[in-house]
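Peer 1: Structure below; questions to follow.
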Amino acid sequence: MISRRGLLLLGLAGTGALGAGLWFAPPGEEQGRFAPGELAYPGLAERLGGATRIEAIRHAQRVTLLREGESWRIEELEGYPARPGRVRETLTGLTELRLVEERSSDAAAHARLGVDDPASPSSTALRLRVLDASGAPLVDLLLGRRRVRTQGAAPETVHLRRAGEARAWLAEGRLVADADPQLWVDRDIANLPAERLRRAEIRRAGEE
């Protein structure tokens, strides 16, 4: 039979173990904090009005979008306009990303999920950042392996890891992002309604 003193010592030991578990747990991994389906960035939709810069980086390739009034321009292409629909789709996708499953906090497993350090030569991760006018990040995350559903109503999923966190996640949502500046180019030179177009003239230097 365990004495009263023994029970007291066991109780203290259990409390200490629980405290150590909470103390050393990485941010966002405390018991009971995660609820499947919660937004990756709660309240982001309200803050995106202050976004002025978008960066997508993979290895040496990168694209930087700078806000100019209601439009976005591509810094690497001398300020050429970015496709409004693509920018809008990216920002909307960020607001709708939902965490559905916790994945590994082990750095050794991050490469398998595609969320390891993007500076590594073998990394396939894409770093996506959205910054406000002061340079503070509204979003800073690593995007990894994704699964595109081709049948049924099942949503697309992507592995991700938020900056400063060890834990990787599986998230639901469609997120369009790429580090190739050419994929962001607005290719519409002009978009005129047919009823407004009466005549077109094309002139080439040195020719009639």
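The values are calculated or read from the model by the stated rules, or taken from the named source; none is laboratory data. Owing to the predicted nature of the structure, the values given are computational and were not obtained by experimental measurement. Virtual Cβ from ideal backbone geometry, glycine too; neighbours counted across all protein chains shown. All accessible areas refer to the heavy atoms of the entire protein, side chains included, with ligands and DNA or RNA removed. Shrake-Rupley method; radii C 1.70, N 1.55, O 1.52, S 1.80 Å.
Peer 1: In whole Hz and in residue order, list the ³J(HN,Hα) couplings for region 42-53 that follow from phi through the Karplus curve 6.51 cos²θ - 1.76 cosθ + 1.60, θ = phi - 60°; x for Gly and Pro.
Peer 2: x, x, 5, 4, 6, 8, 5, x, x, 6, 10, 8
Peer 1: Ignoring any ligand, DNA or RNA, what whole percent of the accessible area of region 85-208 comes from carbon and sulfur when the probe is 1.4 angstrom? Please report the intermediate quantities before stating the final value.
Peer 2: Details: 3560 of 7740 Å².
Summing carbon and sulfur atoms, their accessible area is 46 percent of the total for region 85-208.
Peer 1: Residue by residue through region 167-172, which ³J(HN,Hα) values in whole Hz follow from phi under the Karplus form 6.51 cos²θ - 1.76 cosθ + 1.60 (θ = phi - 60°), with glycine and proline marked x?
Peer 2: So the J values, rounded to whole Hz, are 6, 9, 9, 9, 10, 9.
Peer 1: Of all the C-alpha pairs in region 105-208, what % are more than 21 Å from each other?
Peer 2: Result: 56 percent of Cα pairs exceed 21 Å.
Peer 1: Right, next: Could you order the peptides 186-193, 167-174, 68-75 from most to least packed, using the average number of other C-beta atoms within 10 Å per residue?
Peer 2: 167-174, 68-75, 186-193
Peer 1: Let me ask something else. Keeping all protein chains in place, calculate the accessible area per residue for region 36-106 (probe 1.4 angstrom), answer in Å².
Peer 2: Numbers: 3860 Å² over 71 residues.
Result: 54 Å² of accessible area for each residue.
Peer 1: What figure in square angstrom, to the nearest 10, would you give for the accessible area of Asp178 with a 1.4 Å probe?
Peer 2: For Asp178, solvent-accessible area is about 40 Å².
Peer 1: Take each of the peptides 49-57, 155-163, average the number of other beta-carbon atoms within 10 Å over its residues, and list them starting from the highest.
Peer 2: 155-163, 49-57
Peer 1: Enumerate the whole-percent occupancy of each 10 Å bin, from 0 to the last occupied one, for all C-alpha pair distances of region 55-175.
Peer 2: All Cα pairs considered, the percentages come to 13, 40, 34, 12, 0.
Peer 1: I would also like to ask the following. Got a sec to turn the phi values of region 197-208 into Karplus ³J(HN,Hα) couplings, 6.51 cos²θ - 1.76 cosθ + 1.60 with θ = phi - 60°, whole Hz, x for Gly and Pro?
Peer 2: For region 197-208, the Karplus curve yields 8, 10, 7, 10, 10, 10, 10, 10, 4, x, 10, 6 Hz.
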